[in-house]
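The values are calculated or read from the model by the stated rules, or taken from the named source; none is laboratory data. Computed from a predicted structure; not experimentally measured. Every residue, glycine as well, gets a Cβ built from its backbone with ideal geometry; the counts of neighbours run over all protein chains shown. The protein model used for the area step is the full one, side chains on, heavy atoms only, and it has no ligands, DNA or RNA in it. Shrake-Rupley method; radii C 1.70, N 1.55, O 1.52, S 1.80 Å.
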Amino acid sequence: MNVTQSGTYLLEVTGEGECVGSDETIVTVYEAPNLVSEIVNPACGESNGIITITSDNGIQLVNFTWNPLGVVTGTNTYSGLSEGEYEVIVLDQNGCTSLIEVELNESAPIALSISTTLEGCDNVPNIIDSGLDSDEYTFEWYFEENLLNETGSQLEVSETGVYTLVVYESEDCSVSESIDVTIYYSPEVSIEINNPSCGNTDGSIDVSNTSDAIISEYEIPELNLTSSQGNFENLPVGSYTLLATTEFGCIQETMFSLENESEIPMINLGPNIMQCFGTDVILGTGVQDNTYTTQWFYEGVDLNVSTSNLTVGLSGTYTVLVTNDDLCERTDSIEVVFFEEVMFDVEAVQPSCGDNNGSISLSQIQGNAIENISWGDVNANPNGLSAENLGGGIYQIVATDVNGCFYDINITLDEENTQPISLGEDIEECGIEEVNLDSGLPSNGFSFQWSLDDQVISETQNAITVNTSGLYAVTATNEAGCQVFGNIEVTLVESNILLPADIFTTEGELIMFEVEGSIMTQWSSSQFDLECTECLSNETIVNTDGEIEYIATDNNGCVIEGIINVFLNDSEFELINMITPNGDNSNDVLEIEGLEQYEPLTLFIYNRWGVELLEIQDYKQDWQGMINGEPLPDGVYYYVIEYTLNDQVLHLKSDLLIVRN
């Protein structure tokens, strides 16, 4: 039997008489080496091939038999081989032999094909190309037998002389070739430019040869011009190429431009214009005002306009003349036609009493034929020139003539005021003697009738002042007899509260205060420690100036908010609480003795409910109970006098009884 695994094998043999015999043996199977070859093919027709045998699975190789050479070596490399097939028998560390076959093929010879001469110009790249792949060969370049620092398959040359190329396939295999190189000088030139003037074709150039090369021909290809001397005349404005060619064909390309000397850009006012009436046309030269002199003409008449743009509104021929400092000129003309304006007579009937009974009628009196009239959302009559059953408002009508020109016609129909009169929310006031009621309508064009609780009163103005509670109504009638209405409920509740006066005292004094007529008073102060916060009368000890705030409610439910000012003053003023302005020169004026030293003063007069009636600045302590030249009715009022002490604004406040009889 054949075995492929290492181990102990037992053999038993049984004879005819059932006799049994046995034996065992130990078998060891070694791993074969995995042989790998590395080769270097022979080259240049020489026996310089090389074979190297290795194992890539770690089995040590002992000796090698190289066939068909019949040579046995202890090394794994054999050199000096020619092209052919080889068998290598390898003995490994376990005494086992293995066989590997290797084939060597001779490399193809180096195919160097290169010209032995090269002529070129020094202003273009001159390349010697070996024609070989730089990845397969090694290159050495020499100039006049001097090794160059170039190793590529190509060489750019710039000097005349002999260049040599050596190409290596291997160290022992190479080819070489020499190239005779001639580099000619390229031309160099300078160009003197004479630009054309005022847009003419009188430009020229003069070309000078600034090199050692001999130039045989000059050419401007864009103009198909040639010259042997380099002089060109009668040239127009433009950008050009100058080609200078030597006797050996070397060409130098030089770019140059001719610009208009003192040139004015072309002036183009555009095509003739036909425009709708009422639309301005702006003509423009397209050049800057500060660079050129501009003149505009209308029908040959100088308009004395020197700007680059001209706004025109009349039909006719417009001409522009543009001149520079060298008297170069440009001119252009344009015909402008404005279509005749379309005009209408308008007859409008205003709507009355809020009805849609207004109307508008149009009749054309001037202009081209009308192609369409748009009334917007209004349903006009079939002829498009009238519309009826119109209410108040602004009507925007657009008429379009046969030239496509649009004409806006805006007509306003004034609708008579039919909205109810709003006198505002119902009024309920405490401590207010009178209120103003305003209809919101102008006094002109209307007549007014007011009533109180359905009883006509004598007031006939658009606004009235009332002092009686009740339901007020107003009817306004315009000149067409249309009427509008409005009403409001007025409730005036008399307040029984008398405002307390300011307090002047000295430091450490106990002051007591109350709001007369109040049935419930709330008190607060950030400067004083008050005895109570909700009581009719209160008290505190004063150590500084301050304010005491109160909210007082009387038995009618009227609520009055106010402040009592408390002042510390070394010289206390004696406040007056009654005047009798009856002309007897006794107590006729409101005067506080000693206060004149603190002028200027300001006097404020309030009614008993705190409504300001009068303010007098720069008060001279001469008020006699008059407002607007009329005496105030006898009764209780309040006054406040504002003055300044030690840069602090202070106030004196007290009630005041006016009695004349």
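Taken as Cα centroids, the stretch 362-408 and the stretch 541-620 sit 71 Å apart, rounded to the nearest whole angstrom.
For the pair GLU494 and ASP622, the difference between a 0.36 nm per residue extended length and the Cα-Cα distance amounts to 43.0 nm. Rounded if a/c is under 1.5, else prolate if a/b is larger than b/c, else oblate: which is the chain, with a ≥ b ≥ c the root eigenvalues of its Cα gyration tensor? Verdict is prolate for the chain.
Set Lys and Arg Cβ to +1 and Asp and Glu Cβ to -1, take the dipole of the chain about its Cα centre, and tell me which of LEU104, ASN48, ASN2 lies farthest positive. Of the candidates, LEU104 comes out farthest on the positive side.
Rounded to the nearest Hz, the phi-derived 3J(HN,Hα) couplings of the stretch 465-477 under the Karplus curve 6.51 cos²θ - 1.76 cosθ + 1.60 (θ = phi - 60°) are 10, 10, 10, 10, 6, x, 9, 9, 9, 9, 10, 10, 10, where x marks glycine and proline.
Taking the protein heavy atoms of the chain in the context of the full set of protein chains, the accessible area attributed to carbon and sulfur is 43 percent at 1.4 Å. Prolate is the label for the stretch 128-277, because the ratio a/c of its alpha-carbon gyration tensor axes (a ≥ b ≥ c) is 1.5 or higher and a/b is greater than b/c.
Oblate is the label for the stretch 514-633. Its Cα gyration tensor axes, ordered a ≥ b ≥ c, give a/c of at least 1.5 and b/c at or above a/b.
Taking the average, over residues, of other Cβ atoms within 10 Å as the packing measure, peptides 542-554, 521-533, 491-503 rank 491-503, 542-554, 521-533 from highest down.
Taking chymotrypsin sites (Phe, Trp or Tyr not before Pro) across the stretch 584-622, none is in a DSSP loop with at most 14 further Cβ atoms lying within 10 angstrom of its Cβ. Spacing of the modelled spin labels on THR412 and SER443, each 7 Å from Cα toward Cβ, amounts to 2.4 nm. Taking 4.7 Å between C-beta atoms as the pairing limit, the chain has these partnerless cysteines: CYS19, CYS96.
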